[in-house]
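Below is one structure, written out as structure tokens; comments come after it.
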Amino acid sequence: MVEEIDVGILTATAGNENSTSEAASKVLDGDTSSIWHTDWDGSDRSEQWLNIHFSTPTEVNAYRYLPRSGAGNGTITQYELHASTDNGATYEKIAEGTWEAVDGWRSHPSEHDCNRPQLMPVNARGNYSSAAEVRVYNLVDISEIAMRDESVELSVGDTYTVCADVYPTNYNDAALIWTSSDPRSLPWTRMAL
């Protein structure tokens, strides 16, 4: 399961900020109307990075980016993800990709232990970079799947809803495939959790 890392243990910094009202910290404030924005006069792309800091190295499995409302100037359309395991002394490029310049969250899966994931814009609208919110996620393994009933006998025409509990209980966005030990049974369908 992919679980959002609590923003309360994160801090954000940037290579360039327009002002304190558009500081890097705005990407973690939970307010989609506030934004981080680079200098309105423009700046070199090499200064337009955005770092998320952890107190200790943490496994990061996904990076999510929410552009400013309306996907206006500064919306990142091509990017690289970098990671540091030595508190920012060095960075390694771990991924690259493109995002469409439209409203809504953008994601990039990534599996790296690091204490500073870095978003490095390659292209954006205008000579700026901006973001409304950023989130990072880590992987939590499923510890158990427990059937609520071990066996059920049905007569022709009967129906029964098969239920399972998945632990941890906040697991979602996955599919569970049911099977039967009786080869004469009807095929089971895939069910979402």
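The values are calculated or read from the model by the stated rules, or taken from the named source; none is laboratory data. Just so it is clear, the model here is predicted, and its values are computed rather than measured. As a convention, Cβ positions derive from the backbone with ideal geometry for all residues, glycine included, and neighbour counts pool all protein chains shown. Note: accessible area is taken over every heavy atom of the protein model, side chains too, but ligands, DNA and RNA are not part of it. Shrake-Rupley method; radii C 1.70, N 1.55, O 1.52, S 1.80 Å.
Does Gly88 satisfy the criteria of being over 17 Å from Ala12 (Cβ atoms) and either part of a strand (DSSP E or B) or among the small types (Gly, Ala, Ser) (or both)? Show your work before the answer.
Details: over 17 Å from Ala12 (Cβ atoms): no; either part of a strand (DSSP E or B) or among the small types (Gly, Ala, Ser) (or both): yes.
No, not satisfied.
Out of Ile76, Ile94, which single residue is without any contact (Cβ under 8 Å) to a residue 24 or more places away in the chain and hydrophobic (A, V, I, L, M, F, W, C)? Spell out the reasoning first.
On the way: Ile76 fails: without any contact (Cβ under 8 Å) to a residue 24 or more places away in the chain.
None of the other options fit; the residue is Ile94.
Can you name every residue in the stretch 1-12 that is under 29 Å from Gly42 (Cβ atoms) and either surrounded by fewer than 17 Cβ atoms within 10 Å (Cβ to Cβ) or modelled with pLDDT of 95 or more (or both)?
If the condition is that a residue be under 29 Å from Gly42 (Cβ atoms) and either surrounded by fewer than 17 Cβ atoms within 10 Å (Cβ to Cβ) or modelled with pLDDT of 95 or more (or both), then Thr11, Ala12 are the ones that fit.
Can you tell me which residues in the stretch 80-104 are over 15 Å from the mean Cα position of the chain (by Cα), within 18 Å of Ala132 (Cα to Cα) and among the aliphatic types (A, V, I, L, M)?
Within the stretch 80-104, Ala101, Val102 meet the criteria.
Given the structure, is Ser33 in a loop (DSSP other than H, G, I, E, B), surrounded by 17 or more Cβ atoms within 10 Å (Cβ to Cβ) and over 16 Å from the mean Cα position of the chain (by Cα)?
Details: in a loop (DSSP other than H, G, I, E, B): yes; surrounded by 17 or more Cβ atoms within 10 Å (Cβ to Cβ): no; over 16 Å from the mean Cα position of the chain (by Cα): yes.
So Ser33 does not fit the description; no.
Out of the strands (runs of 3 or more DSSP E) lying entirely within the stretch 96-164, which hold 1 or more residues that are of a type in the set (Gly, Ala, Ser)? Before you say what the answer is, go through the steps one by one.
Working: elements: 106-114, 116-124, 133-139, 144-147.
Strands (runs of 3 or more DSSP E) meeting the threshold: 106-114, 116-124, 144-147.
Hey, does the stretch 113-126 have a residue that's within 20 Å of the chain's Cα centre (by Cα) and of a type in the set (S, T, N, Q)?
So far as the stretch 113-126 goes, yes, one or more of its residues are within 20 Å of the chain's Cα centre (by Cα) and of a type in the set (S, T, N, Q).
Looking only at the stretch 78-91, count how many residues are at pLDDT 90 or above and either of a type in the set (D, E, K, R) or touching a Lys or Arg at 6+ places or on another chain (Cβ under 7 Å) (or both).
2
Six or more apart or on different chains, Cβ under 9 Å: which pairs go from a residue in the stretch 148-165 that's on the phi < 0 side of the Ramachandran plot to one that's open to solvent by 100 Å² or more (accessible area, probe 1.4 Å) and polar (S, T, N, Q)? Could you list them?
none
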